[in-house]
Structures are given as C-alpha cells and as structure tokens.
Amino acid sequence: MSVTSAPAIRVHGLTKSFKDVDVLRGVDIDVARGSIFALLGSNGAGKTTVVRILSTLLRADGGTAVVNGFDVAAQPADVRESISLTGQFAAVDEILTGRENLVMVARLRHLKDSGTIADRLLARFSLTDAGGRRVATYSGGMRRRLDIAMSLIGNPPVVFLDEPTTGLDPEARIEVWHAVRELAAGGTTVLLTTQYLEEAEQLADRIAILHQGRIIVEGTLAELKKLLPAATVEYVEKQPTLEDVFLALVGKDPR
C-alpha cells in the first residue's frame, strides 16, 4: 500500500492506564486522507487521551499508532512535523493583533514571507478586517478561527481538533464548522473530538463512538442510523428549536 493510499491515521489496539484506571482498552481507528473523522464520546471517555498519544504528547502503554506514515512511538519528530494540534482552548496571544499572532508562528517555523502567509490565512478565515485588531477584542468564534488558522501554518497534512467548539455560542460554533469544512476541502485530514452529537452529524465523513475506553461502533452517519429500527412515519408538525429561533433572529444560516 502506497503512502498516499494508506490511511492518514491508523491506530490498532491502543491502551493507556493512569494508575489503576484503564482509560483506553484497545482502540482501533483508521482515518482516510482528506476526510473529517469525528471521535464522539462523553466526558472522560478517553478522547483527549487518544489525541495526546497521536500528537506525541503522551506515550501509550500498548498498541500501535501511525500518523502520516510515521510511527508515533518510534518516529515522534516526523509525526510532529506532519501534524498540528488545536486544543480545547484557543492558544492565542491576546496582546498581539491577529496578524501578529500569525506572523509570530510563521517565524517560529522558520518560514519565509511570514507576512504574506499571515495575510492569506486571515483572508481564508474571514479575518482580514480584524487582522489589525488586538485579539483581546475578538469574539470567541474569531479567536477559535484564528487558532485554527495558526495551526495551518506550514500546511500540516493532519490536524487534530480537540473539542474545538467547547464553550462557544451558536454563532461562533457555526463559524468554526465552516472553517473545519474548509480544511477538509483543501485536502487536510481532520480528526475531531467532540461530545456534541450535532457537531459530528454536521461535519464528519465517519464517526466513531468511544465508550469506556473502547470504540463501540464506527461508520458513516447513514450506517450508524441503520443500527436502530426504522421510525414509524407519522405526520407531526415540526416546531422550531430554540437554536432555530436564535439563528433566524440573528440572521445566521445553521448549515
């Protein structure tokens, strides 16, 4: 199997314990290149532990993990060059402007034309008008979009987004969803962890549910829906949800 046809992420039998608590009990995952893969689970299910292992921040107790063709345990430096990680809270410098944050990261990566790189990313994430403002003035959604933009400097082929919309309001969450879709449309492989069912439905090509340290089911949204009996068709007048009302009133498209 060639590198281009092999999964961008391949995990087999991954285990991890903290003292006497078994957090991961044999996790298996394959993530196709250029796809959005959602790892869904409740708090404490082990989602962040998986991401930390795949991003070389934590060593697994057992099993194997390969990212972009590199073994996480044996080739951590190569893995780190292939990935970017966006955690649950935006890692931006509030004193600097949005553009200065991007320029700083580009220079830290020893890239030429850091200003051009920053301007392109500001445009890509609809932040050009806010690029000259201090990040302290940004909304939550703008900070998260800037955080994701910073993670793309250097064009990593694999991006980990660990619960990227935690704490965001509905408008900001939709802004982030658009940004994630743009990543995959550009060929980036995205592994997304979330505890929000709607987020996985909206974004993921494939969904895996992590429960008590194991993947209990994996598939497309359509495949997962087939696991339950078909619903009885009845005419019921659909009432708008509170989120529908909110988004309609503020003029936002939820799609």
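Please treat every number below as a calculation from the coordinates, not as lab data. Since the structure is predicted, the reported quantities are computational estimates derived from the model, not experimental observations. Virtual Cβ from ideal backbone geometry, glycine too; neighbours counted across all protein chains shown.
Figures for the structure shown
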read-out	value
FRET efficiency, 1/(1 + (r/R0)^6) with R0 35 Å, evaluated for Ser139 and Arg59 via beta carbons	0.40
Residue exposure sequence - Val67, Val72 - by fewest surrounding Cβ within 10 Å	Val72, Val67
Exposed GluC sites (Glu not before Pro) absent - longest run of the chain, DSSP non-H/G/I/E/B, at most 16 other C-beta within 10 Å	95-233
Residues Phe18, Phe70, sorted so that the one with the fewest Cβ neighbours within 10 Å comes first	Phe18, Phe70
Listed candidates (1) 29, 27, 16; (2) 32, 29, 18; (3) 35, 20, 17 - label of the one calculated as semi-axes √(5λ) of the Cα gyration tensor in Å	(1)
For the chain, share of DSSP beta bridges that run antiparallel, in % to the nearest 5	55 percent
Glu171-Asp119 FRET efficiency (beta carbon distance; Förster radius 22 Å; 0.05 resolution)	0.30
Theoretical FRET efficiency, 1/(1+(r/R0)^6), r = Cβ-Cβ of Leu108 and His211, R0 30 Å, to 0.05	0.20
Length gained when the stretch Thr128-Gln195 is fully extended (0.36 nm per residue, less Cα-Cα span)	21.0 nm
Sorted by Cβ density within 10 Å, fewest first, the residues Leu24, Leu183	Leu183, Leu24
Whole-number percent relative contact order across the range 9-223, with pairs defined as alpha carbons under 8 Å at least 6 apart	30 percent
